[in-house]
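So the structure is just underneath, and the comments pick up after that.
The values are calculated or read from the model by the stated rules, or taken from the named source; none is laboratory data. None of the values given here were measured: they were computed from a predicted structure. Cβ: placed from backbone, ideal geometry, glycine included. Neighbour counts: every protein chain shown. These accessible areas exclude ligands, DNA and RNA; they are computed on the full protein's heavy atoms, side chains included. Shrake-Rupley method; radii C 1.70, N 1.55, O 1.52, S 1.80 Å.
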Amino acid sequence: MVPVVAVLIAASVLMVMGYRQERANERNMAEALDRTAALARSYARDVTAAPNGFPGQETVRDIAERHDGRLLSYARSEDSLTTVVRFYGEYEDTSMFGLSHSRAYQCYSIVLRKEAEGVPQARTTPLEECDAI
C-alpha cells in the first residue's frame, strides 16, 4: 500500500510542477509578445522621425533591424508608406529537462500617412499571420 501512495504523491507533485511550468512559459511568451508591440511602436516613431518625408526601402530595413525586426513588405506612395515588419521577443522556456531560450514572433502592419499639416501619423496593427501579405 505504501508504494502505491508514494507513486500517487510523486505523480501529483509532477503534475503540479508541470502545470506551473506551463503557466510560467505562457506568461513569459505573453511578455515577449508585449515587447514586440513596444518594438513596433518604437520602429514607427523612428520611421516617422526620418528627415525629408518617408524614407527609402533600405533605410526602413535598417530601422527595422535595429528594432529586432525584419522588413517583409514595403509600399510607398506620395502621401503614405505601408510596411509589414516581423518583430521577435526572446523569452525563457522552462521544462523538467532544463531551460531553453525561445522567440515569440509577431507581424505588424505599419501605415504612415501625411496629415493636412504634412506631419506623418503612424497606425500600427498586429497581423494574425505573417503570411498575410
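Across the range 55-71, the qualifying residues are those that are in contact with a Ser or Thr (Cβ under 8 Å, 6 or more places away or on another chain) and within 16 Å of Val111 (Cβ to Cβ), and the one among them that is most open to solvent (accessible area, probe 1.4 Å) is Leu71. Taken as a whole, the condition of being aliphatic (A, V, I, L, M) and either open to solvent by 50 Å² or more (accessible area, probe 1.4 Å) or at pLDDT below 90 (or both) applies to Ala122. Within the range 91-102, identify whether any single residue is of a type in the set (S, T, N, Q) and over 30 Å from Leu14 (Cβ atoms), and answer yes or no. No: the range 91-102 contains no residue that is of a type in the set (S, T, N, Q) and over 30 Å from Leu14 (Cβ atoms). Assuming Asp46 fulfils every condition listed in (1) open to solvent by 90 Å² or more (accessible area, probe 1.4 Å); (2) acidic (Asp, Glu); (3) closer than 19 Å to Pro120 by Cα apart from one, which condition is it? Asp46 satisfies all of (1) open to solvent by 90 Å² or more (accessible area, probe 1.4 Å); (2) acidic (Asp, Glu); (3) closer than 19 Å to Pro120 by Cα except (1).
Rundown of residues vs (1) charged (D, E, K, R); (2) under 23 Å from Glu128 (Cα atoms), yes/no style:
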site	(1), (2)
Gly18	no, no
Leu33	no, yes
Asn52	no, no
Glu58	yes, no
Glu78	yes, no
Gly89	no, yes
Asp93	yes, yes
